[in-house]
Amino acid sequence: MSPLARNAAALYVAALLLLAGLGATSQLRYRTQAGLLVDKEQAIVALATARSAAASVNGPLAVTNWARRAGMVPAPDAPNVEAAAAGLTPPAVPTPPNPWLEVQTVWR
Amino acid sequence: MAVKHDAPPELRLHRGALIAIVAVMPLVFALWGFASQQRGAPAWPADLVDAVPRGRIVTADGQVLADGPVDARRYPQGELAGSLVGFSGAIQPDGRYGLEGLEHTLDTRLQTGDHVTLTLNATLQAAAESRLAEAVASYEARAATAVVLEVGSGRILAAASWPTYDPNDWRTADVASMRNRALVQQYEPGSVMKPFLVAGLLESGRLAPDETVETPMTLRVGHKTFRDVAQHDPVLTVPDVLRYSSNSGTINLASRFESAEMHAWLAAFGFGQELAMRSAFTARGSLTDPARWVPQDHATIAIGQGIATTNLQLAAAYAVLAQDGLYVAPRLVEDEWTPDPYRVLSPETAMAVRSMLQHTVESSSLRSSAVPGVPTAGKTGTADVYDAAAGGYVAGRYAVSFAGMFPAERPEVVMVVTVHEPTTVTSSTLVAAPLFREIASEVVAHWAVAPDAPAWALGAVR
């Protein structure tokens, strides 16, 4: 019996163990890749959401509308704008007391 | 010498089982390991696994208008240029993913993953949309549009339409708000057309700039009576015909043209012609066959009724006056092919008409259309709106416009604004002219040059 034939069983078992090890490693890498893809998708969604949120604060349209609401005017219009400090609002008019007397009579 | 010991018969079965376990079980486990790879692993995100790459749509100043693969397409700027950008969705029978707007027209290019850079300036687009929204609300109008063109290059700096919508929420948006009105809404422009008639007459030698024209307050042509709105003298100079927007004066001037000649001149300015631009949906407007015109058609078209155009066409035509007589095809994408410019007017004629339009702004209540310190040339238009359902013009429904350019001596920008069917105020002088000034003011502010700087400086910084 040749040495190869004598060790065939051991080689066979070793090859099977190697195969099993490869399978386990493959599974591990698969799971890692799938997890990374899920993370990537979440990152894409988060980035898009963040971009939209940022645009709602500092996007051109948001800034333009904010400036308008804040009373800002384009520079060429500045000479036509009269800066006026906010005036004092008059005090609230107190509600005068009723000038009449209400009498209720209960008939028994 | 090896001695062979046969196992007792009762143990032979055990030896077979042992061999089976040692030889077969690892194989079974290995195969099971490969076969069960997906068991317990997180699901692959379908929109990434099957992702079809798609290019970005970006403004000239770097704002991202559309981004992401087909199944995860996002529009970070929301409403900004929404009706222009459009949206994409599931693949269509023609192989496109784009369903509307630039997403549709630029689909082939976007599918290759190529990014598209528009000529739009996001700041000016935002300023225009913001002002249009205010105007629509203030005047309780149906819609409003504005186009800002860069003189010399034909680059569209802003193409704003209101109402608009957020492409991120296109499924819930009103279909009417999806119309890119600045490029596709055709309307009868009214008096903003008058300068082109004057330009054609000057160029063809049928009119001298210093001539006077009879301008009665009413003029009957065929079975139709045309009336002037603003009170004026019975005889006016040509610049004053434009200043008072005299219908009778314009019709008298138009009588110097045969219908075919007038048609040819209007076509040369691009009216009724297909735009060369292929990057977006556009409309060609309407300019009917002059062979079918009766005298009142000739007169009506001379004052801008009976002819339909879009804001983009009108801006491109006004740009001829700004570009010393050259017609430059407008474009929306930076590397888009456009045909070579062609000459419509001599520089002298273009400058003469520009000067008249500057006179129009500076000598009347239209001063409200000019940015302080920036000479402006322009013209108003108040046009009746044709209602196909009613079969005619409906009283009280107007499209009010202002078309102009600045700085007048050496224009850098041409702009056309239109408010469709305002209800609270219907005068173009009170509605369109101030709207023009507001957007123009934003443009000048964006240049970051003092308004009283020389004209060359106004255009030098952009």
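Details
- Single condition B:L102 does not satisfy, out of (1) crowded, with 23+ Cβ neighbours inside 10 Å; (2) aliphatic (A, V, I, L, M); (3) outside the structural domain of B:V320 (by TED's automatic domain parsing); (4) over 26 Å from A:N58 (Cα atoms): (4)
- Test for B:V70: is it modelled with pLDDT under 85 and among the β-branched types (V, I, T): no
- Condition check for B:T310: within 26 Å of the chain's Cα centre (by Cα), among the β-branched types (V, I, T) and surrounded by fewer than 22 Cβ atoms within 10 Å (Cβ to Cβ): no
- In this structure, A:A34 does not qualify as in contact with a Ser or Thr (Cβ under 6 Å, 6 or more places away or on another chain), within 9 Å of chain B (Cβ to nearest Cβ) and surrounded by 17 or more Cβ atoms within 10 Å (Cβ to Cβ).
- Test set (1) in the same structural domain as B:S279 (by TED's automatic domain parsing); (2) at pLDDT below 95 - B:V64 fails condition number: (1)
- Selection status of B:V361, in a helix (DSSP H, G or I) and within 30 Å of B:G222 (Cα to Cα): no
- Verdict on B:S286 being buried (at least 18 other Cβ atoms within 10 Å of the Cβ) and in contact (Cβ under 8 Å) with a residue 24 or more places away in the chain: no
- Lone qualifier among B:A160, B:A176, B:A182 - being hydrophobic (A, V, I, L, M, F, W, C) and within 14 Å of another protein chain (Cβ to nearest Cβ): B:A160
- Any hit, region A:6-23, residues being more than 24 Å from B:V24 (Cα to Cα), surrounded by 13 or more Cβ atoms within 10 Å (Cβ to Cβ) and within 7 Å of chain B (Cβ to nearest Cβ): no
- When each of B:S355, B:S368 is tested for being of a type in the set (G, A, S), touching a Pro at 6+ places or on another chain (Cβ under 6 Å), under 28 Å from B:P434 (Cβ atoms) and in a helix (DSSP H, G or I), the lone residue that passes is B:S368.
- Taking region B:416-448 as the range and being modelled with pLDDT under 85 and more than 9 Å from every other protein chain (Cβ to nearest Cβ) as the test, only B:W447 passes.
- Scanning region B:376-394 for residues that are over 25 Å from the mean Cα position of the chain (by Cα) and in a loop (DSSP other than H, G, I, E, B) yields B:A389, B:A390, B:G391.
- Members of region B:217-247 that are in contact with a Lys or Arg (Cβ under 8 Å, 6 or more places away or on another chain) and part of a helix (DSSP H, G or I): B:V241, B:L242, B:N247
- For region B:68-102, the tally of residues that are touching a strand residue (DSSP E or B) at 6+ places or on another chain (Cβ under 8 Å), assigned to a loop (DSSP other than H, G, I, E, B) and at positive phi stands at 3.
- Residues of region B:105-115 that turn out to be assigned to a helix (DSSP H, G or I) and touching a residue at least 40 places away in the same chain (Cβ under 8 Å), as a count: 4
- Count of residues meeting criterion [within 23 Å of the chain's Cα centre (by Cα), surrounded by fewer than 21 Cβ atoms within 10 Å (Cβ to Cβ) and not in a loop (DSSP other than H, G, I, E, B)] in region B:45-66: 2
The values are calculated or read from the model by the stated rules, or taken from the named source; none is laboratory data. Just so it is clear, the model here is predicted, and its values are computed rather than measured. Methodologically, a virtual Cβ is constructed for each residue, glycine included, from the backbone with ideal geometry; neighbour enumeration extends over all protein chains shown.
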